[in-house]
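Read the structure below first, then the notes.
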């Protein structure tokens with residue numbers, strides 16, 4: 001029989017919302033995304049923002 005000092009370690013784990021991999025760190029579980037996927041997601045968002053045209057103003061339309 002196991003003694004009380006031989007208890008198994010219990011961790012909260014979750015899945016990454018981007019790659020569905022295991023998240024083990026508390027910060028990643030809280031954010032719902034791993035650090036590598038978070039960096040990739042931020043890069044994707046920056047690239048998408050650069051591709052979108054800038055907003056037109058009334059002066060642009062009148063010209």
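None of the figures in this text is laboratory data; all of them are computed from the coordinates on show. For clarity, every value in this text was computed on a predicted model and none was experimentally measured. Here the Cβ is made from the backbone with ideal geometry for all residues, glycine too, and neighbour counts use every protein chain on show.
Here are the numbers for the structure shown:
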read-out: Sequence-separation-based contact order of the chain, relative, with Cα cut under 8 Å and 6+ spacing, percent; value: 19
read-out: Extension gain from residue 22 to residue 40, taking 0.36 nm per residue of separation minus the Cα-Cα distance; value: 4.8 nm
read-out: Percent of Cα-Cα distances greater than 17 Å, calculated over the chain; value: 63
read-out: Peptide ranges 20-32, 48-60 listed from the most packed, as the mean C-beta count within 10 angstrom indicates; value: 20-32, 48-60
